[in-house]
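Inspection log for the structure reproduced underneath, given as structure tokens.
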Amino acid sequence: MTKSLLDSVMTICLRRGVLFPTAEIYGGLAGFYDFGPVGTRLRNNLINLWRQHFVESQDFVYEISGTTLLPASVFKASGHLDHFTDPSAECSRGHVTRVDQFIEEKLKIPAEGKSNEELAEIVREHKLRCPICGEPLREVRSFGLMFGTSVGGERRQAFLRPETAQNIFLAFRRIQTATRAKLPLGVAQIGKSYRNEISPRQSVVRVREFGQMEIEYFINPDQLNECPLFSELKNVKLPIVTQEVQQEASEKGSTEYSTTLLTVEEVFTQGIVPNQWMASVLGNEMVFIPQLGIPKEAIRFRHMRPEETPHYSGGNFDLEVQLSIGWKEVIGNAYRRDHDLQAHMKGSQKDLSIDVEGTKVIPHVVEPSFGIERLLYCVLEHTYRPKGEKRGWTWFQFPPQMAPFDAVFLPLLKRPEFEEIAYNLYKKCQLQRLAVLYDEKGRIGRRYARADEIGIPSAVTIDHQTLEDKTVTLRSRDTLEQTRHRLREIPRILQKIKQSKGF
Ligand code: GAP
């Protein structure tokens, strides 16, 4: 049997220190992964690119860092305690299955958002059995997704946050007062979230601990169609899957959806998205995601069906990426209206409105929510290159800014005259804030392979000619071309490659 793409990507990830199962020597813990030395660099680069694009280059966005554990009262008010559940079905041997996903995979019909009764009916009608042991599945129940604990001697009930967003709503007034910001105000947060997923799987695509990068854009409800990003983004083309297309497909018993290519301006003026802010948020994502090495053709925005959308939402659009395991949601975009601030005003009895020219305003919120690990997996799959004729090993074609290192330095022979020049040049580049690696072990071909396997864009080799004329070879990961350059030019050339798009 040929290996799936996911398995191939995971094999190299395990071998080269991208990621590995948590507590592996004790048999692991399902749904938890650690990032190794290479994976940590990739993850940090992804976060930095995101921060640069969505926070640092915007005048009105501020970033905070909240705690991951929050008191139960927060989740009572937000509705998570009562409603943040997934439908599960248990078999007589006690195996629990996430039943809506199981139905979608097994029967190829949409099931997300259906009620427990509707799902139970499908299970009965199709006589579905436990995917683990084959016993019949029994009643469908709601399975709470939050991890709970108790805090301190007083044993106050608390939960690990299932989204980073809640800290932002809780501290909204403090942030607004401290920054003296007016509306619109964006508050970003990058951090861990936790969900006790029933069936974690597909490597880091569905895990129980994961990173999120979220922004809550707080907007005056009278100015939802006055987004400062709109004029810059209005011509960006968005591949949209409308609700009508999904309805038609569902009537034919299919989950294959066609997309319509519309500009940011068109989705707004045609009323496909709820407001100009949402249109602009989608446009900004369409600009950002391809820069990570995910091709435009593998991206679509799916208008969530009514049954998938919370009652308070004014419209949700998921950015989905096509993977070997199907289209997967990578960013959830939601128009949350004033639901969260209202809920916390009620729960805490504190006023979270702000004063706009003498009038109390409760801002509305548009929220893009990115999953770090899921997005990183998409990058890994889309930049993975199998063995080819020109090179007998697999490699990653990361865009230079995503790559774990900018360059590797290789003395051709393990002799002091080669090593000294190579090491000094490596150190010089390090001082110039380039991320560099020094590798002197093994044959040169093997060392090139090792560098390609973790997607390093450039390899600098110090060889016999270097000793004569102070030039080195620069090997390009993408073209395999080798060009000669003066030794002292190398830091500048590497900086230039780092800033390039690479594709
Ligand atoms: N605050 C809104 C929110 O959390 P969501 O659609 O539930 O929305 C946002 O999650 C993103 O977080 C998803 O698009 C996905 O990338 C990521 N995510 C959610 N659950 C995940 C899981 N179990 N494992 C990995 N990533 C997950």
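The values are calculated or read from the model by the stated rules, or taken from the named source; none is laboratory data. Computed from a prediction, not measured in an experiment: that's the story for all the values here. Quick reminder, even Gly has a Cβ in these numbers, built from the backbone with ideal geometry, and neighbours come from all protein chains shown. What goes into the accessible areas is simple: the full protein's heavy atoms, side chains included, and nothing from ligands, DNA or RNA. Shrake-Rupley method; radii C 1.70, N 1.55, O 1.52, S 1.80 Å.
Pop out the ³J(HN,Hα) list for region 413-425 in order, Karplus 6.51 cos²θ - 1.76 cosθ + 1.60 with θ = phi - 60°, rounded to Hz; leave Gly and Pro as x.
The phi angles translate into 10, 7, 10, x, 5, 7, 5, 4, 5, 4, 5, 5, 5 Hz.
Which pairs break 22 Å Cα to Cα here: Lys182/Lys234; Lys296/Lys390; Lys427/Lys496; Lys106/Lys252; Lys387/Lys496; Lys3/Lys501? Before the final figure, lay out each step's value.
Numbers: Lys182/Lys234 24 Å; Lys296/Lys390 27 Å; Lys427/Lys496 18 Å; Lys106/Lys252 16 Å; Lys387/Lys496 28 Å; Lys3/Lys501 31 Å.
Check vs 22 Å cut-off fails for Lys182/Lys234; Lys296/Lys390; Lys387/Lys496; Lys3/Lys501.
Any idea how far apart Lys252 and Ser65 come out in nm if each label point goes 7 Å out from Cα toward Cβ?
Result for the modelled spin labels: 5.1 nm.
Restricting to Cα pairs below 8 Å that are 6+ residues apart, what does the relative contact order work out to for region 395-499? Please round to a whole percent. Please list the in-between numbers first.
Working: 181 pairs, mean separation 34.3, N = 105.
Over region 395-499, the number comes to 33 percent.
May I ask for the Kirkwood hydrodynamic radius of the chain, worked out over all distinct Cα pairs and given in angstroms to one decimal? Intermediate values should be presented prior to the final figure.
Values: mean 1/r = 0.0396 Å⁻¹.
With all distinct Cα pairs of the chain included, I get 25.2 Å.
Gain in length, Arg138 to Ser150, computed as 0.36 nm per residue apart minus the alpha-carbon separation, to one decimal in nm?
On the way: separation 12, 0.36 × 12 = 4.32 nm, distance 3.22 nm.
Result: 1.1 nm gained on full extension.
Measuring with a 1.4 Å probe in the full set of protein chains, what accessible area per residue, in whole Å², belongs to the chain? Let's see the in-between values first.
Values: 24000 Å² over 503 residues.
Accessible area per residue, the chain: 48 Å².
Using 1/(1 + (r/R0)^6) with R0 = 22 angstrom and r between the beta carbons of Arg305 and Glu125, what's the FRET efficiency to the nearest 0.05?
On the way: r = 21 Å, r/R0 = 0.95.
Plugging the Cβ-Cβ distance into 1/(1 + (r/R0)^6) gives 0.55.
Sorted by accessible area (1.4 Å probe), largest first, how do Leu145, Leu437 line up?
Working: Leu145 5, Leu437 55 Å².
From most accessible down to least: Leu437, Leu145.
Which value does Rg/Rh take for region 395-499 over its C-alpha atoms, Rh per Kirkwood? Let's see the in-between values first.
On the way: Rg = 12.4 Å, Rh = 13.4 Å.
Dividing the radius of gyration by the Kirkwood radius yields 0.92.
If you take the alpha carbon radius of gyration of region 85-144 and divide it by 2.2 N^0.38 Å, what ratio comes out, to two decimals? Numbers along the way, then the final one.
On the way: Rg = 10.1 Å, N = 60, 2.2 N^0.38 = 10.4 Å.
It is 0.97.
Go ahead and run the numbers for FRET between Asp82 and Lys3, Cβ-Cβ distance against an R0 of 51 Å, rounding to 0.05.
Numbers: r = 43 Å, r/R0 = 0.85.
That gives a FRET efficiency of 0.75.
Relative contact order, percent, of region 295-412 when contacts are C-alpha pairs under 8 Å separated by at least 6 residues? List each step's numbers first, then the result.
Values: 145 pairs, mean separation 20.1, N = 118.
In percent, rounded to a whole number, it is 17.
Write down the Kirkwood hydrodynamic radius of region 213-347, to one decimal in angstroms, obtained as one divided by the mean of 1/r over all alpha carbon pairs.
Details: mean 1/r = 0.0637 Å⁻¹.
The Cα-based Kirkwood calculation yields 15.7 Å.
So how much slack lies between Glu56 and Arg488, counting 0.36 nm per residue of separation and subtracting their Cα-Cα distance, in nm? If you can, show how the numbers build up before the last one.
Numbers: separation 432, 0.36 × 432 = 155.52 nm, distance 3.26 nm.
So the chain would gain 152.3 nm between Glu56 and Arg488.
Kirkwood hydrodynamic radius, computed over distinct alpha-carbon pairs, for region 297-337: how many Å, to one decimal? Write out the running numbers ahead of the final one.
Values: mean 1/r = 0.0933 Å⁻¹.
Roughly 10.7 Å, rounded to one decimal.
Stick to Cα atoms and the Kirkwood definition of Rh, then tell me Rg/Rh for region 20-172. Walk me through the numbers on the way to the answer.
On the way: Rg = 20.2 Å, Rh = 19.2 Å.
My calculation of the ratio gives 1.05.
Which value in nm describes the separation of the simple spin-label points at Ser348 and Leu480, placed 7 Å from the Cα toward the beta carbon?
6.0 nm
Kirkwood-based Rg over Rh for region 329-422 (C-alpha set), two decimals? Let's see the in-between values first.
Values: Rg = 26.1 Å, Rh = 19.2 Å.
Reported Rg/Rh, Kirkwood definition of Rh: 1.36.
Can you tell me the Rg and the Dmax, both Å, for the Cα atoms in region 12-88?
When restricted to Cα atoms, region 12-88 yields Rg and Dmax of 18.0, 48 Å.
Quote the FRET efficiency, to the nearest 0.05, computed for Lys182 versus Glu232 with a Förster distance R0 of 30 Å and r equal to the Cβ-Cβ distance.
Values: r = 20 Å, r/R0 = 0.68.
Step by step, r from the Cβ atoms, then E = 0.90.
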